Structures are given as C-alpha cells and as structure tokens.
Amino acid sequence: MRKLLFQSLAQMSLTEPAPSVDDAALAEIGAALAQTTRRRLGRSLSIREVDAGSCNGCELEIHALGNAYYDLERFGLRFVASPRHADVLLVTGPVTRNMRMALERTYHATPNPKWVVAVGDCARDGGCFAGSYAVVGGVAAVVPVDLHIAGCPPPPLEILRGLLALLETAATAKT
Amino acid sequence: MAGLHEFLRKGGIAPGHRPWPRAVVTAKIWNEAIAGLAGGQWQLLGLWGEPDHIHMALRDDADETIGIVSLDCEGRRYPSVALHHPPALRLERAARDLFGLEPVGLPDPRGWLDHGNWDVRHPLAVKPDPTPIDKAYAFLPIEGDGLHQIPVGPVHAGIIEPGHFRFTANGETVVRLEQRLGYVHKGIEGLMAGATLEAAGKLAARTSGDSTAAYGFAFARAVEAALGVEAPPRATHLRALMAELERIANHLGDFGAICNDASFALMQAHCAVLREKVLRAAQAAFGHRLMRDRIVPGGVTADIGSDGIAAIRALVNDIKAPFPALVELYDNTASLQDRTVTTGSVKPHLTRQYAPGGYVGRASGRAFDVRRNLPYAPYDRLIFEVPVLESGDVNARVWIRIREIEQSLSLIAQLLDTLPQGAARIDLPTAREPCEGMALVEGFRGDILVWLRLDAGSRVARCHLRDPSWFQWPLLEAAIEDNIVADFPLCNKSFNCSYSGHDL
C-alpha cells in the first residue's frame, strides 16, 4: 500500500484542472459553480439522490461525479445520506406508482429552501415508460421540479452543467 | 428420470420456437417437471406467464440441454412449482400479480410486484380487474426474546436503487433478512406487448442500466432466433467487445465499492478512475459511455473506426499496467480481508438448488457461464477461462470479479485481433407468421434470459426478460444470516443484484 500511496503522490493529478485547456467546458462550469454556490449557501450544497424508478443508468453517471476526474466535492457539492440534510433532491427515473409515496415523503422531509433536479429523459416525462399502468410519469407529476437535465443517461459533465444552471435560476427566482 | 430432451417429447413440441424446443404439456407432465426440479435433476432458468399459459425454462446440466415446458392454465390455475421448488416462489408471485394466474399450493400468497398502487389488478390479464389489491403487506412474523427489527428503504442512504430490507437482529447478529422488492416496477413487459422491434429493443436496453449492452445483446439474439437469422460476424465481434467492456466497467466499480464498504476508500478511488477510463473508451469507440442502444436485432448501430480501436487498445494497456498492484493490495491488506473472508457465505446446497448465475454462482462452486456452457457467437471461437471458487463468501465474489476482469481484457485483445471485415448490420426479414425465440446471454451479473413471440409483421406479442438477480436476491437473504448488521453493505455490494432488472 505504501508503494501505491507514494506513486500517487508523485503522479500528476487526474482531476480535470479548473482552468483546463483541453476541456474548457468543465473549467467554466467549475468556476461559475463555485462562485454561485458560495454566494447562496456559503461553501456547500448538499444533495440527496432519489431513484424513483430509474433503470440505474443515471445512478451510474451520478456516481461517476465522485471519481477523480470530476471530483464533485471540490465545488462544495456533496451527497448526503438523509433528505433532512439536503438542499437539493436529485431525482431519477420515471416515477413508478410504487415509488410515488416514498418520493413525496422524501420531498417533505427535505427542509426549505430546497430544489428538485430531475435527471434523465425518463424523469422529464416518463420517457419510454410513459403510459404504463405502473408509472405516474415524470418527476414533475409528483413534486415541483426546478430543473431537468436531459440525457439517457446524461454524462457526468452534463449533470454538473445542470447543477450550475439550477444555481443561477435559484439565485434569481427564489431570493 | 430421462434426459430433458426425451422428457420434452412427452408434450407437443410447439412449432416455430428456436433454438431450444418448447413443449406444451399436460398437468401431469408439468408435475413431473416439478419433480425433476425438486429432485435436483434439472435447474430452473425462468418462469413466466401469459394470459392463459404458464411457461418455465429448464436446464439439464448433465448433457447441457435447455427446454421450455408450457401449460394451459384452465380456469387460470396451475400446480405451483414453488410448493416443491422454492426458487420459483417470487417468479410465481410476480406472474400472479401480472396475469392473475393462480399457482395452486403457492406457499406465500402475498403480492410481490403489485403493492396495491396500480389502478388495476392483474394488468396483463385479458381482462384486468378494476379493484386494486390491498396496500397492506404483512412481513413475516417474528417471535422470541431480545429480537429487534431494523427497517431500511425503499429510499436508501447511498446512491442506489430502491428496495425495502427488513432486518431482524439479536444484538448485532442478523437472524433474518426479509426483502421486499417491486418499487421500480415500470411495467416493461406490458409496454413490450404490441411494440415494434425498435421500441421493444429500447425497453430491453433500459431494463437494467448497468447491463444495457448485455440486455441489448440478449434481446437481439432472441429476435434473431425467432426470425431464423444470424447477425454478421463483424457485428457479433462488436457485440462481444461491448459486452466485455461493460463487464470490466461493472466489475471494477464493484471491486472498488466492496472495498469502500469496508472503509478502504483507496481501492474505490483507484477503481473509479479505471472505470471512468473504460467509459471514455466506450464513448470514443461506440459514441455512448454505457453503449446503450448500440446492439440491435440484425447487428450493431455503431461500427467501430480506427480511432475507436486505438482507444480500446490503449484502454487495455491502461488497465493492465496498474491492475496487478491493486490486486496485490487487496490480497495483502489483512484488515480488509478480515471483513471479506468468511463473510456472507452462500451454502453449497442453496447454490445447487437456486442455480444462481454470474459471480454469485461461480464463487460458490457453480461452474456455469453461458459463454462457455452454451456458447454463442463469437465466444465459440475465443479462448478464455471461467474462474470458479468454492468458499462462497464476499472474498470469493471479489476474486471471481478480479479473475474475470483479467479474462475480459484478454478477450478484448482477441476480439480486436480477429475483427472481421464486412457489414455490421443486416436487414431483418419480416415475420410472416407468429414465431418464438429465446436467448441466454452472459451479462456481468450472470445469465440474462429473453423469451419472446413475434406476431406476423414482426411486432412483439409477448416478451419476458429474466434478470440474473431473480435467483440471487433470495440467496442474499440466506447469506446474511448469522452475520452482523454492519457487514450487510459488504454482502449486498458483493451480490450487487439489480433492482430494476428484477422489478421490470
């Protein structure tokens, strides 16, 4: 283990650098995200993820936000284990009838001010599952949604971009 | 009892079912099939309903034959398989919820996928009942001193899928885990009925997102079997390439996450980097990080270019170089092994009975991998080993994944070295009369079964998708017994069952 740790110390960081030359988009998001978040909520924004019926594809990409390339936490964004600790609900999937109550309860357990971000094409309108006897529809059919992030699933970069857009909307609409 | 093929001849062989025979049987023969399962002669591969029929897929491991038996359900009743063979229990409860087929003697009459939240009862029956079932659900009763219960979910603490776990513990020791699933039931099989091949393929690819390539592969093979066509050689190579990339990505994710659940975050950090490299290579080669909707009936939608090939070759080296050090780290960290060795053991008799696929089966002595046992193109021409261990604990499931990552890297190199030229997709003929097909494909989690019937005109009349998790979830209930509550995350992650794939 010591060898591996020493190697990591000597190795260049994998994290996409904030002012990246290769990937200007991520750098732009990173800088803007940090500024806006700080203005509204000090230095942090706590996110509770809720799978309301997803195929688990979106979960894989949300997970990826934590890897060394995207390193979500450097922006002051972090995932929390309880809705009681959350500012943002990140909801995936078409909302199934069997998850409707759990989503409502999670929403009501989240203190104000709070925002809901619907992630993925299914979360917008039910996607290819719309019309099923077992599906309510998109997330907005159950709880108020502040932002939709499109994609099947949206890549991590798109999810980051979406969180930035939310912060800007929230700053003007809810203050 | 006779071999499976001989047994099937006792029924009427259904015409137009490929590649394995389907026999329409009487109740007497159905009961004989149940006896064959209960006696351990055959293994249950799946059980699914239609409005007036019940089907089950069987495997005879003595001579590696597969067959389906189908029973007309007079009065929408049939003799319960689960009464004598418990692995069928949840499948029968699910088929009952969807079609209203009553398994006579069913040991557990509670709803499974139906939680009482749908507007109708038996949504896939010819005439759904407009009165929903009762929302109340009676968990198994507990009796005894010093027992307490810990209810968890459906919304869990991590970024994972929803399901409910009801732990009964005595102090720190789990004496029973009862699972309740069905929260992410989307009605996929209902949406499939009457869908075009394109729409149905999209649904299949969204059954379990982590296995989207494997599901696409299985669905495509089932359609091709029904239509009696083969995808071109270049397409089958590219399909396998995607399937192996998917396997490596998931195994890397699991390897890191299992260690992380023992608070060994370093492994998670390294594995997550490698996983991200796989997804980026997949994006470069096939235009999508998870390779969704790339495998379709008739071939693949995304042919690979020279840049893609270079990206995947670079990826293989990028994983091969650092991976041995990570394996060594796992092997030499006593505090980590202390958590994984002898934890969450699956007992051999349960492995024989449930016949779980994937790393759950192979870590507890079941030498079954569809790529080897029932080889399909291109695996019939590739060289690889199927690792098998006996101990059945978390540690064994970790090692199976490690060995499979190594095998998949070798497979990817072979696939690239032998990639045939030519078309990557063919036009499919339109079915002139109803036809049926079945496929088994080895996803990262285990064998995925797809069975379907196409109408004249190639629309899907009925499609059943059986996730490997169906035979793994019940074993997780058994494996956690006598372990401490704090070891549940480790056990759970080492199984990594699909909720969405199971709930459909």
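The values are calculated or read from the model by the stated rules, or taken from the named source; none is laboratory data. This one's a predicted model, so the numbers in the text were calculated from it and none came from an experiment. Note that we place each Cβ from the backbone using ideal geometry, even for glycine, and neighbour counts take in every protein chain shown.
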Confirm whether B:Met242 is more than 30 Å from B:Asp487 (Cα to Cα), more than 10 Å from chain A (Cβ to nearest Cβ) and part of a helix (DSSP H, G or I). yes
Tell me which of these B:Gly171 doesn't satisfy, since it passes every other one: (1) more than 11 Å from chain A (Cβ to nearest Cβ); (2) over 22 Å from B:Pro420 (Cβ atoms); (3) modelled with pLDDT of 95 or more. (3)
Which of (1) over 22 Å from B:Asn250 (Cα atoms); (2) part of a loop (DSSP other than H, G, I, E, B); (3) out of contact with any strand residue (DSSP E or B) (no Cβ under 8 Å at 6 or more places or on another chain); (4) not hydroxyl-bearing (Ser, Thr, Tyr) is the odd one out, the single condition B:Val386 does not satisfy? (1)
Taking A:Arg74, is it over 30 Å from B:Gly190 (Cβ atoms) and buried (at least 24 other Cβ atoms within 10 Å of the Cβ)? no
Out of B:Leu411, B:Leu454, B:Leu419, report the one residue that is more than 20 Å from the chain's Cα centre (by Cα) and within 15 Å of B:Ile248 (Cα to Cα). B:Leu411
Among the residues of the stretch B:202-234, count how many are at the interface with another protein chain (Cβ under 10 Å from one of its Cβ atoms) and under 20 Å from B:Trp48 (Cβ atoms). 7
Of the conditions (1) hydroxyl-bearing (Ser, Thr, Tyr); (2) within 20 Å of the chain's Cα centre (by Cα); (3) not in a helix (DSSP H, G or I), B:Thr343 clears all except one; give me its number. (2)
What residue, of B:Cys491, B:Cys497, is part of a loop (DSSP other than H, G, I, E, B) and either among the hydroxyl-bearing types (Ser, Thr, Tyr) or surrounded by 24 or more Cβ atoms within 10 Å (Cβ to Cβ) (or both)? B:Cys497
Is there a residue in the stretch B:434-444 that is at positive phi, assigned to a loop (DSSP other than H, G, I, E, B) and crowded, with 22+ Cβ neighbours inside 10 Å? no
When the stretch B:262-313 is checked residue by residue, the ones that are within 14 Å of chain A (Cβ to nearest Cβ) and of a type in the set (Asp, Glu) are B:Glu276, B:Asp293
Looking only at the stretch A:88-104, decide whether some residue is farther than 30 Å from B:Ala195 by Cβ, more than 12 Å from chain B (Cβ to nearest Cβ) and surrounded by 24 or more Cβ atoms within 10 Å (Cβ to Cβ). yes
How many of the residues in the stretch B:246-289 are buried (at least 21 other Cβ atoms within 10 Å of the Cβ), within 23 Å of the chain's Cα centre (by Cα) and of a type outside the set (D, E, K, R)? 13
Name the residues in the stretch B:55-80 that are without any contact (Cβ under 8 Å) to a residue 60 or more places away in the chain and under 20 Å from the mean Cα position of the chain (by Cα), would you? B:Met56, B:Leu58, B:Asp60
Does B:Leu140 count as crowded, with 19+ Cβ neighbours inside 10 Å, farther than 29 Å from B:Gly201 by Cα and more than 12 Å from chain A (Cβ to nearest Cβ)? no
May I ask you to list the residues in the stretch B:290-303 that are assigned to a loop (DSSP other than H, G, I, E, B), aliphatic (A, V, I, L, M) and crowded, with 22+ Cβ neighbours inside 10 Å? B:Leu290, B:Met291
List pairs: first residue in the stretch B:108-123 and among the aromatic types (Phe, Trp, Tyr), second residue part of a loop (DSSP other than H, G, I, E, B) anywhere in the structure, Cβ distance under 7 angstrom, at least six positions apart or on different chains. B:Trp112/B:Gly182; B:Trp118/A:Arg97; B:Trp118/A:Tyr133; B:Trp118/A:Ala134; B:Trp118/B:Pro132
Residues located in the stretch B:460-484, provided they are more than 18 Å from B:Ser498 (Cβ to Cβ) and basic (Lys, Arg): B:Arg462
Check B:Leu454, B:Leu504 and return the single one that is crowded, with 20+ Cβ neighbours inside 10 Å and more than 14 Å from chain A (Cβ to nearest Cβ). B:Leu454
Please work out if B:Asp108 is in a loop (DSSP other than H, G, I, E, B), within 22 Å of B:Asp52 (Cα to Cα) and more than 11 Å from chain A (Cβ to nearest Cβ). yes
Cβ-Cβ below 8 Å, separation at least six or inter-chain, first residue in the stretch B:487-498 and under 17 Å from B:Ser335 (Cβ atoms), second surrounded by fewer than 24 Cβ atoms within 10 Å (Cβ to Cβ) and of a type in the set (Ser, Thr, Tyr): which pairs? B:Asp487/B:Thr343; B:Leu490/B:Thr343
Identify, please: which residue in the stretch B:102-132 is among the aliphatic types (A, V, I, L, M) and closer than 21 Å to B:Gly36 by Cβ and is, among those, surrounded by the most Cβ atoms within 10 Å (Cβ to Cβ)? B:Leu106
Is the stretch B:172-193 home to any residue that is crowded, with 23+ Cβ neighbours inside 10 Å, within 22 Å of A:Cys152 (Cβ to Cβ), under 18 Å from the mean Cα position of the chain (by Cα) and among the hydrophobic types (A, V, I, L, M, F, W, C)? yes
